[in-house]
Structures are given as C-alpha cells and as structure tokens.
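Enquirer: One structure, as structure tokens, below. Some questions next.
The values are calculated or read from the model by the stated rules, or taken from the named source; none is laboratory data. Being a predicted model, the structure only gives us computed values, none of them experimental. We place every Cβ from the backbone using ideal geometry, glycine too, and count neighbours over all the protein chains shown. Protein only, heavy atoms only, side chains kept; ligands, DNA and RNA dropped before computing areas. Shrake-Rupley method; radii C 1.70, N 1.55, O 1.52, S 1.80 Å.
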Amino acid sequence: RNLSAIPPRSFDLRLKRILIPSNYYPLAPDGKDNRRYRTATEFDAAEDSQLQIYRGNWDGTFKQAWSDNPAWVLFDMLINIGYGLGSFVDPSQINIWELYKIGRFCDAVDKNGYFQGVNNSLGGKEPRYSINVVLADKINVFETLSAIASVFRGNIFFSNSYFDFTDDRLKPPVLEFNNSNVKDGFFNYTNSRKDEEFNVVEVSYLDDQDNFKPKIEYVENSDDIRKRGILSTRIDSFGVTSKSLANRIGKHVLYATTKENQAVSFVGGLETLFLKPGDLV
C-alpha cells in the first residue's frame, strides 16, 4: 500500500526431482541437507546416522528425490525424454556403476558412505562437487552434457555401445608403456606455451551466501607472479554457487597449467584396445 511498485522478490528453491540411487539419503526428513555444515562446530555436532548418506550396498535401483550431485544430474539429462536424450538412449546403455562411484566422490564420503566433506570458506563442510543451475534456454544437449561432466572434472564418452564416464579420482595405473612396446620405441613430448601457464585465475560464480549474486573468486600463485609477472585467465563456471568450490577450481587451473604442462604421444600395439579415456598409464 505504501510502495509505488511491487517490490522485487527472490526465492531459494529446490526444483526438479531426479532419479538417484535407492540407498542415497542426502536430505534429512525435515529437508535439511546432510552434506552442508556452515561451521566446524555444526559438523562436529552431527550424529552418525545423519552423516551416513549412503546406506549399504546399492542394488542398481533408483528413487525420485532432489539432488545437486552432478553425476545424477548428468544421468537425468541422458534419460529424460522431454529435454534430454531419453528418446535416443536406453538406460541399459549407461554405465550407472561408474556414475555411482563418481557420485560418491562428488559427495566426499568414506568407504562406508559417511560424509566427510571438504572445507568450505567458513571452516565447515560441503560436498566436493555440486551443481546448481537453471536451464531456461534452448541449448545444445551435447554441450550441456559436457558442461555438467566438467563440474566434477570429468568426461562422457561412447564406447562398445555404452555411455561411460571418467573423472579425476586417484586411481592405479592399468598399463605400462616403454621403448619395447611402442612403435619404433619413440615417445614424442610437447610442452605448453609459457604464456598459457597461468599464475592468476578469476573464477566467476553465484554466491549462495549472498542471494546468489554474481561474484569473482581471485586465486593466485604469488611466488610465480614475482618470477614471471602476472599471467591471468578467467573461468566462467557452470552451476557453481560456492565460494570454496570456485576457489578449488582456480587452484586446479593453476596446478594443471604449471605442473601438468607436458604431453606425450606414441603409437602402441593391440594392448591399447584395453584402454579407455581417463585410464592412467
């Protein structure tokens, strides 16, 4: 009555329900997220029953529930008939067991399914990877699938009539190559350009602690800046609403461009048929 126009309003919502594993319980009965604790005190006070978000072994069945786990958002995009690839992909063609492993990695749980989490910006705990996004425009579904997979630093690929997945979990090597089992015994090494070895990264994200306002997380390698000056890049994150996750993304870019800056190529024999993308050799 006292305002000249209707004031703007915003709402914090849990939107579409998707299929998640039947033994997965990210939310408490009252709707509280069992994977988010603002401070260390909150996390220390949590009960074991609350922290066990994966209960028992998974039998491969699903239930409908809310989730921001990127592994199951990716699964939903693959099987949904309305806006995903459901008209072309049968669920039996999807490696759900690998997605399950990736989903547990995203939630940062131990081998018994208890939430351990990673540190947030306030000293509490949060999932390692999560996605919070509204797809409101018509966009290429394949680009969207790749963008969702990039949230957990992974890839999606089609092999032997199956959709399969890879991520950057620690894993053991599966095959060894040396001079005796590559063509001509020759390995070709290349290095990235020095101006692509960044020491400053600006990561854009929407801050869930401040009404989802657009913000920039600035991450730098001060020692390298003193040596080479500022070499910066900007990352437009997808579905990231956590300051600490944006910080981890920036640190990963800094590490990858300066420590993982060499590539090797070679021609192998028939044993390479046992390999798939993401394998460590």
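Enquirer: What's the longest bit of the chain with no exposed GluC sites (Glu not before Pro), using DSSP loop states and at most 11 other Cβ atoms within 10 Å as the test?
Expert: Result for the longest clean stretch: 48-175.
Enquirer: Of all DSSP beta bridges in the chain, what percent run antiparallel (nearest 5)? Before the final figure, lay out the partial values.
Expert: Details: 29 of 35 bridges.
Of the beta bridges lying entirely in the chain, close to 85 percent run antiparallel.
Enquirer: Taking the stretch 31-80, which chymotrypsin sites (Phe, Trp or Tyr not before Pro) meet the DSSP loop condition and have no more than 16 other C-beta atoms within 10 Å?
Expert: Trp66
Enquirer: Rounded to a whole number, what % of the accessible area of the chain do carbon and sulfur atoms account for, probe 1.4 Å?
Expert: Details: 8950 of 17230 Å².
Accessible surface attributable to carbon and sulfur in the chain totals 52 percent.
Enquirer: Just the number, please: percent antiparallel of the DSSP beta bridges in the stretch 174-281, rounded to the nearest 5. All intermediate terms of the calculation are to be shown ahead of the outcome.
Expert: Numbers: 13 of 18 bridges.
Here the antiparallel bridges make up roughly 70 percent for the stretch 174-281.
Enquirer: Name the residue from Leu78, Pro21, Gln50 whose Cα lies farthest towards the positive end of the charge dipole of the stretch 14-104, charges +1 on Cβ of Lys and Arg and -1 on Cβ of Asp and Glu.
Expert: Projecting each Cα onto the dipole axis, the largest value belongs to Leu78.
Enquirer: Please report, for the Cα atoms of the stretch 21-106, the Rg to one decimal and the Dmax as a whole number; what are they, in angstrom?
Expert: Computed over the Cα atoms of the stretch 21-106, radius of gyration and Dmax are 14.9, 48 Å.
Enquirer: Let me ask something additional. Run the simple label-point estimate for Asn112 and Lys259 please: 7 Å along Cα→C-beta, distance reported in nm.
Expert: About 3.1 nm, to one decimal.
Enquirer: Continuing with this model, one more query. Please state the charge dipole magnitude for the stretch 92-164, taken about the Cα centre, from unit charges on C-beta atoms (+1 on K and R, -1 on D and E), reported in debye and rounded to the nearest 20.
Expert: My answer is approximately 180 debye.
Enquirer: Could you provide, to the nearest whole Å², the per residue accessible area of the chain with probe 1.4 Å?
Expert: Working: 17230 Å² over 281 residues.
Ligands and nucleic acids excluded, the figure is 61 Å² per residue.
Enquirer: Give me the mean projected area, in nm² to one decimal, of the convex hull enclosing the Cα positions of the chain.
Expert: Over all viewing directions, the chain projects a mean Cα-hull area of 21.1 nm².
Enquirer: Please work out whether the stretch 9-69 counts as rounded, prolate or oblate from its C-alpha gyration tensor, where a ≥ b ≥ c are the square roots of the eigenvalues and a/c under 1.5 means rounded, while otherwise a/b larger than b/c means prolate and anything else oblate?
Expert: Oblate shape, in that a/c is at least 1.5 and b/c is the bigger or equal ratio.
Enquirer: Would you tell me the accessible area of Leu135, worked out with a 1.4 angstrom probe on the heavy atoms of the protein chains, in Å² to the nearest 10?
Expert: Roughly 80 Å² of Leu135 is accessible to a 1.4 Å probe.
Enquirer: Using 1/(1 + (r/R0)^6) with R0 = 45 angstrom and r between the beta carbons of Asn188 and Ser232, what's the FRET efficiency to the nearest 0.05? Mind showing how you got there, number by number?
Expert: Numbers: r = 30 Å, r/R0 = 0.68.
The formula returns an efficiency of 0.90 here.
Enquirer: Can you tell me the alpha carbon radius of gyration of the stretch 192-281 divided by the globular rule-of-thumb value 2.2 N^0.38 Å?
Expert: 1.42
Enquirer: Quick check on the stretch 113-261: take the gyration tensor over C-alpha atoms, sort the square-rooted eigenvalues as a ≥ b ≥ c, and tell me if it's rounded (a/c under 1.5), prolate or oblate.
Expert: Oblate is the answer for the stretch 113-261, as a/c is 1.5 or above yet b/c matches or exceeds a/b.
Enquirer: Counting Lys and Arg as +1 and Asp and Glu as -1, each charge on the Cβ, what is the dipole of the chain about the Cα centre in debye, to the nearest 20?
Expert: On the way: 34 positive and 37 negative charges, 106 e Å.
For the chain, the charge dipole is close to 500 debye.
Enquirer: May I pose another question? Among Asn211, Ser146, Val182, which residue has its Cα positioned farthest towards the positive end of the charge dipole of the chain, with +1 placed on the Cβ of Lys and Arg, -1 on the Cβ of Asp and Glu, and the dipole taken about the Cα centre?
Expert: Highest projection toward the positive end goes to Asn211.
Enquirer: If you filter the stretch 10-74 for trypsin sites (Lys or Arg not before Pro), then keep DSSP loop positions with at most 16 other Cβ within 10 Å, what is left?
Expert: Arg14, Lys16, Arg17, Lys32, Arg38, Arg55
Enquirer: Under 13 Å Cα-Cα from Lys16, which aspartates and glutamates qualify once same-chain neighbours fewer than 8 residues away are excluded?
Expert: Straight-distance partners of Lys16: Asp68, Asp76.
Enquirer: Here's something else I'd like to know. What ³J(HN,Hα) values, in whole Hz, does the Karplus curve 6.51 cos²θ - 1.76 cosθ + 1.60 give for the stretch 238-253 when θ = phi - 60°, with x put for Gly and Pro?
Expert: Per-residue couplings from phi come out as 10, x, 8, 10, 10, 4, 5, 5, 4, 5, 5, 4, x, 5, 5, 4 Hz.
Enquirer: Could you calculate, for the stretch 160-242, the ratio of the Cα radius of gyration to the Kirkwood radius, expressed as Rg to Rh?
Expert: Details: Rg = 20.1 Å, Rh = 17.5 Å.
Rg/Rh: 1.15.
Enquirer: Computed from the mean reciprocal separation of all distinct C-alpha pairs, what Kirkwood hydrodynamic radius does the stretch 99-196 have, in Å?
Expert: 17.4 Å
Enquirer: Within the stretch 152-205, which trypsin sites (Lys or Arg not before Pro) sit in a loop by DSSP and count at most 11 neighbouring Cβ atoms inside 10 Å?
Expert: Arg193
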